[in-house]
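This report concerns only the one structure given below.
The values are calculated or read from the model by the stated rules, or taken from the named source; none is laboratory data. Just so it is clear, the model here is predicted, and its values are computed rather than measured. Ideal geometry is used to build each Cβ from the backbone, glycine not excepted, and the neighbour counts take in all protein chains shown.
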Amino acid sequence: MTRPIAFFLLVGLLAVAEPAAGQTERQLENAYAQIGRMIENGRYIQALRSIELNLEMYPHDERLLGLRDHLQSLLNESAPAFAAATRLRPPPAVPSRTAPQAGRDFVVDGAQVSMLWVNPGRVLLADPIGSDNDTGVTFSQGFWLASTELTQAQWQAVMDDVPAPSFFRGSDRPVESVSWHMAMEFCHRLTERERAAGRLPEGYAYTLPTEAQWEYACRAGTTGPHAGDLLAMAWHEPNNQGCTQPVAQREPNAWGFYDMHGNVFEWCRDRYASYPGGEVMDYRAVDAGPNDRSRIVRGGAWASGAGHCRSAYRYWAALSFANNATGFRVALAPR
């Protein structure tokens, strides 16, 4: 595919100017990498939103300012109707016929699950009022995470003999009323199917995200209570209409993930435990034995207040728990 000249100008801007120092440098370098990935995948609208969110934290960064101007010029050349139509929608579905490549987004063939690549980086798991157990988690490898909560249609495409167990029906609504075991069974079946088709990257499997992976993707480089304007991003208490809503109708976060706040709580792989504190590589709270019967849920749901939709808010539920406000999104992550 021939790249427009504007594309190379945009990518080139990511490699110039002097970065800041220390933690700010690491945060900016991760932001540049994520923006570059969006541009490479043609997701210019989401890239521009990511730039604008990062400029709120780093208003004088030369790379971000220059990149914003070039992206805006490129988008101005497009039809306004196109920009409006694509602003809140996932990228076009292009199913992957081979094993996904690190650094590239893809769509799961046959299930139409849009998977976004997340670069390695660092996230702080922290109590908002401060805690001795605040934990810095660094990821040694990147991973993929679904751009939306799993829908009922996507569930059915993989679990054809098990009807989507949802109270609020709709093919594009999130599957809910699923226990942790049911969510993991979906991931297991998807892993086996993709392995048989030769589309599973070496050392990776479909699974639920760890709590740290989930918060890293939810924050998308932000450090505040939410990853942006909550009312614009989330179906929650002020606008819930009494039920779940079709996925990807609100604004995504800076990395292109929809409904990380609200709509349904999302199961994570970890058991519920206190954070270990300090700096940890690839943190996950592993099972504590046969009596360990709880798992983490994150993100808030359609009836949740703003506090329960915070990026850092964590709650636990029994492995067998299932209700109409709890679903999940799929990760493709190192085993």
| note | Checked the range 153-167 for anything more than 19 Å from Asp109 (Cβ to Cβ) and out of contact with any helix residue (DSSP H, G or I) (no Cβ under 9 Å at 6 or more places or on another chain); matches are Asp161, Phe167
| remark: If you go through Glu202, Glu176, Glu211, Glu149, the only one that is on the phi < 0 side of the Ramachandran plot and surrounded by fewer than 24 Cβ atoms within 10 Å (Cβ to Cβ) is Glu202
| query | Out of all the residues in the range 233-272, which are more than 11 Å from the chain's Cα centre (by Cα), of a type in the set (Gly, Ala, Ser) and either surrounded by 20 or more Cβ atoms within 10 Å (Cβ to Cβ) or closer than 22 Å to Gln34 by Cα (or both)? | reply | Ala234, Ala248, Gly262
| Elements of type strands (runs of 3 or more DSSP E) contained in the range 193-305, each with 1 or more residues being within 19 Å of Val137 (Cα to Cα), of a type in the set (Phe, Trp, Tyr) and touching a Ser or Thr at 6+ places or on another chain (Cβ under 6 Å) | none
| Is the range 183-199 home to any residue that is surrounded by 20 or more Cβ atoms within 10 Å (Cβ to Cβ), touching a residue at least 60 places away in the same chain (Cβ under 8 Å) and touching a Lys or Arg at 6+ places or on another chain (Cβ under 7 Å)? | no
| query | Hey, His181 hits all of (1) closer than 20 Å to Ser320 by Cα; (2) touching a Phe, Trp or Tyr at 6+ places or on another chain (Cβ under 9 Å) but one; which does it fall short on? | reply | (2)
| Which members of the range 110-126 meet the condition of being in a strand (DSSP E or B) and small (Gly, Ala, Ser)? | Ser114
| query | How many residues, within the range 286-307, are in contact (Cβ under 8 Å) with a residue 60 or more places away in the chain and surrounded by 15 or more Cβ atoms within 10 Å (Cβ to Cβ)? | reply | 10
| Inside the range 275-306, can you point out the residues that are modelled with pLDDT of 90 or more, farther than 22 Å from Pro120 by Cβ and of a type outside the set (A, V, I, L, M, F, W, C)? | Ser294, Arg295, Gly299, Gly300, Ser304, Gly305
| Looking at (1) touching a strand residue (DSSP E or B) at 6+ places or on another chain (Cβ under 8 Å); (2) surrounded by fewer than 17 Cβ atoms within 10 Å (Cβ to Cβ); (3) over 28 Å from Met159 (Cα atoms), which is the only condition Arg219 fails? | (2)
| request: Scan the range 264-282 for residues that are farther than 24 Å from Gln245 by Cα and touching a Lys or Arg at 6+ places or on another chain (Cβ under 9 Å) and jot them down. | output: Arg269, Asp270, Arg271, Tyr272, Glu279
| Can Tyr315 be described as buried (at least 19 other Cβ atoms within 10 Å of the Cβ) and either at pLDDT 95 or above or assigned to a strand (DSSP E or B) (or both)? | no
